[in-house]
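Taking it in order: structure first as structure tokens, then the write-up.
The values are calculated or read from the model by the stated rules, or taken from the named source; none is laboratory data. Remember, it's a predicted structure, so these values are computed and weren't measured experimentally. Don't worry about glycine lacking a Cβ; one is built from the backbone with ideal geometry, like all the others, and counts go over all protein chains shown. Ligands, DNA and RNA are excluded from the accessible area calculation, which covers all protein heavy atoms including side chains. Shrake-Rupley method; radii C 1.70, N 1.55, O 1.52, S 1.80 Å.
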Amino acid sequence: MASPQIHPGQVKQVAVFASGAGSNAAKIIEHFRSSSIGRVCLVVCNNPGAGVLTVAEKENVPVLIIERKKFNQDGYLPELRDLSIDLLVLAGFLWKIPPVLINAYPGKIVNIHPALLPKYGGKNMYGKAVHEAVLAAGEKESGITIHYVDEMYDHGATILQVKCDVDNTDTAESLADKIHVLEHSCYARAIEELILKN
Ligand code: GRF
């Protein structure tokens, strides 16, 4: 495989946006800890009680706690620019991304969804609700979708989908576990490929 064309000093600065436990954030931070192409230099969080804050503290990654009014107004763009953030990675982040950020970061905002979009996405389709809907519909497979972010929930162009079987014995919890395993093995590498392509 050809070596990536990355020059010293061109380490892409990644901000991970998360609202919850942060297991994906942890994997992404770990993946890029010794990378020569990218670094997670900020965790952005809207929930002061979120587990991802403990992850960030343990990993020594600075945190930006955001509040909704300012987020919808200026997207915290000045703060992101001050830190020279290149890429926004959503990992269980529950707020819609405002137009100011979509416009400032074209093709540079990605999300992961725990189902095979375009099915089982959209407003209120997060966490257990996604897996319950998949099971209620009798789907034989589910999986993950990594996609670009636009102004609609779970809507931008797909970057990668990976499938898993849904078994008769699956519950929302067991399906969530299977899907977390897929997420943890795929998301950081997909981000890395995106960095290398840009
Ligand atoms: C993941 O399942 C992701 O697909 C979804 O939110 C969940 C976040 O989990 N967008 P965690 O906080 O990373 O553990």
- Among residues of the stretch 89-119, those that are under 13 Å from residue 155 (Cβ atoms) and over 11 Å from the mean Cα position of the chain (by Cα), counted: 6
- Message: For the list (1) more than 30 Å from residue 82 (Cβ to Cβ); (2) over 14 Å from the mean Cα position of the chain (by Cα), I need the number of the one condition that residue 144 fails.
- Response: (2)
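If I filter the stretch 154-165 down to residues being over 21 Å from residue 23 (Cβ atoms) and assigned to a loop (DSSP other than H, G, I, E, B), which single residue comes out as least open to solvent (accessible area, probe 1.4 Å)? Give the steps one after another, and end with the answer.
Step one: filter the stretch 154-165 for residues over 21 Å from residue 23 (Cβ atoms), giving 155-158, 165.
Remaining after also requiring assigned to a loop (DSSP other than H, G, I, E, B): 155-157.
Details: 155: 97, 156: 14, 157: 64 Å².
For the stretch 154-165, the residue satisfying everything is 156.
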- Note on the structure: Output for Cβ contacts, cut-off 9 Å, separation at least six or different chains, first residue in contact (Cβ under 8 Å) with a residue 60 or more places away in the chain and open to solvent by 20 Å² or more (accessible area, probe 1.4 Å) in the stretch 169-191, second more than 12 Å from the ligand (Cβ to nearest atom) and part of a helix (DSSP H, G or I), reads 189/31
- Taking residue 123, is it modelled with pLDDT under 95, open to solvent by 40 Å² or more (accessible area, probe 1.4 Å) and under 23 Å from residue 36 (Cα atoms)? no
- Looking at residue 11, is it buried (at least 17 other Cβ atoms within 10 Å of the Cβ), within 16 Å of the ligand (Cβ to nearest atom) and at pLDDT 95 or above? no
- Item | Sole residue being farther than 21 Å from residue 12 by Cα, part of a strand (DSSP E or B) and hydroxyl-bearing (Ser, Thr, Tyr), chosen from 169, 145 | 145
- Message: Condition (residue is within 11 Å of the ligand (Cβ to nearest atom), among the hydroxyl-bearing types (Ser, Thr, Tyr) and in contact (Cβ under 8 Å) with a residue 24 or more places away in the chain) applied to the stretch 114-134: is it met by at least one residue?
- Response: yes
- Message: So residue 122 ticks every box in (1) in contact with a Cys (Cβ under 9 Å, 6 or more places away or on another chain); (2) closer than 26 Å to residue 51 by Cβ but one. Which box is left unticked?
- Response: (1)
- Message: Condition (residue is in a helix (DSSP H, G or I), open to solvent by less than 40 Å² (accessible area, probe 1.4 Å) and either under 20 Å from residue 25 (Cα atoms) or of a type in the set (Val, Ile, Thr) (or both)) applied to the stretch 129-137: is it met by at least one residue?
- Response: yes
- Message: Taking the conditions exactly as written (open to solvent by 10 Å² or more (accessible area, probe 1.4 Å) and within 17 Å of residue 148 (Cα to Cα)), does residue 117 satisfy them or not?
- Response: yes
